[in-house]
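In what follows, a structure is listed as C-alpha cells, so that the remarks can point back to it.
Any read-out appearing in this document is the output of simple, stated calculations on the displayed coordinates, not a laboratory observation. Source: prediction; values computed, not measured. Glycine gets a Cβ as well: all are built from the backbone with ideal geometry, and neighbour counts include every protein chain shown.
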Amino acid sequence: MMMRNDGQPAASMINRRKFLRYLYAGVLGVGLPLPLFAGESTYRYKQALRESETSIRDYIYKMRHFDDPHPSDVSLTPDQFDLLKSSLERMLRVQRLVGYGNFHLISFDDAIRMARGYARVGDFSKAKIDFLEQLFYSDASHYGFLGEKPVNRLTENIQRKEVIKIPGSGNYLYKGHSRGVYDTIRKSIGRDVILTSGVRSVMKQFLLFLRKAYRSRGNLSLASRSLAPPGYSYHAIGDFDVGQAGLGALNFTSRFAETDVFHRLQDLGYIRLRYARNNLLGVRFEPWHIRVRSEFRV
Ligand SMILES: [Zn+2]
C-alpha cells in the first residue's frame, strides 16, 4: 500500500529482527558476534558487518533528524493522501463537536456514528473507512516504527468509569496505577509539574498521527518518529506525558530535558521513560513520556 520515497518497494526493507540485531550490536556497542551463526562464511560475515554499519548510521541519523524526510522513508500514494486529508478533516470536526476533552476517550465506532449523524461533520465514506482500517492493521515496522502494539482492535472502547478527568488539564488518567504515579509525582514536585497528555483512545491517536502525516505530506516514517501510529501508543493503556508549567509547546521538545521538572523526575528515580535517548524503537527521545504500564505482554 505504501512506497519508499526512493522508489524501492516497502517490502524490501530490512526485516525487523535482523535490523534490531544490528542495532543492539551497534548502538549498544557490543559488536557483532563472530560468526553470526555456526557455519557462516567470513564473506557473509563481512557483508553483514557492512550492512549493519550502514543500517546503524542510517538509523542514528534519522533519529537525530526525526523531523526531516529521509530517502528510505515510506509515504502514502497521492490517492491515499487524499483519503488521509478528508478523514483528518472529519476527525477534527468530530473533535469540535464533542469537545477537546471528550475526544480523548472517543472510540472509532463513536466517531463514525457521529459523522453519520451530523451533516456538518460529514460521513466517512467506505473508501475512508477502508483506508483507516488498512492503516490500523498494517505492520508499522514496514515504515520504521519498531515498538509493540498494545491495542490490537480498531474498535477498542475506553470505559468512562475506568478513567478520571484531571482538573485544569483537559486530560484523563486511568484510575488506579496511572493516577497513583501521577499523584506521587505531583506530591514530590508540586505545582510546577503538569499533565500534558493522558489517556488517548485509538481515534485520538489516529487524529494526532494523521495530522503529523498530513503535515509531512503523507510520509508515514517521518510521522512515526514523533508519534506512535494508532494502536501502538501506550497512552491507550496507561502511559502519560508531563511537562513544566508555563513551558507550553516546548514541553514536547528536547528543551523539556533541561527543565527543573525533568531533573527532579530523574532524581526521584521511580520514573521510567518509554522512549529513552538512543532507543531502538524507531522513536525520537521523549523525556516527557512517563512509562506506567510495563506488564504488557503481546
Ligand atoms: Zn507520550
Relative packing of 197-204, 105-112, 85-92, which averages over residues the other C-beta atoms within 10 Å, highest first: 197-204, 105-112, 85-92
Do you know the relative contact order of the range 140-288, to the nearest whole percent, from alpha carbon pairs under 8 angstrom that are 6+ apart? 28 percent
Taking a ≥ b ≥ c as the square roots of the Cα gyration tensor eigenvalues, with a/c under 1.5 meaning rounded and otherwise prolate when a/b beats b/c or oblate if not, the range 75-290 comes out prolate
Tell me which of Ile194, Ser216, Tyr118 sits at the most positive position along the dipole axis of the range 75-290, charges placed on C-beta atoms (Lys, Arg +1; Asp, Glu -1). Tyr118
In whole Hz and in residue order, list the ³J(HN,Hα) couplings for the range 232-246 that follow from phi through the Karplus curve 6.51 cos²θ - 1.76 cosθ + 1.60, θ = phi - 60°; x for Gly and Pro. 9, 8, 6, 5, 6, 10, x, 5, 8, 10, 10, x, 9, 4, x
For the range 134-149, 3J(HN,Hα) per residue [Karplus equation, 6.51 cos²θ - 1.76 cosθ + 1.60, θ = phi - 60°, Hz, x = Gly/Pro]: 4, 5, 5, 8, 7, 7, 5, 5, 5, 10, x, 8, 10, x, 6, 10
Bin by bin, in steps of 5 Å, what percent of the Cα pairs in the range 110-227 do you find, going until the bin that has the longest distance? 2, 9, 14, 19, 17, 17, 13, 7, 3, 1, 0
Could you list which residues have their amide H under 5 Å from that of Arg217, counting only those 5 or more apart in sequence or on another chain, with H placed in the peptide plane? none
Near the amide H of Val193, under 5 Å away, which other amide H atoms are found, from residues 5 or more places off or on another chain, if H is placed in the peptide plane? Ala245
Looking at this model, which pairs from Lys126/Lys212; Lys187/Lys212; Lys126/Lys149; Lys85/Lys149; Lys175/Lys212; Lys62/Lys126 are more than 32 angstrom apart at the alpha-carbon? Lys187/Lys212; Lys62/Lys126
Using 0.36 nm times the number of residues separating Thr54 and Ala249, minus their current alpha carbon distance, what extension gain do you get? 66.8 nm
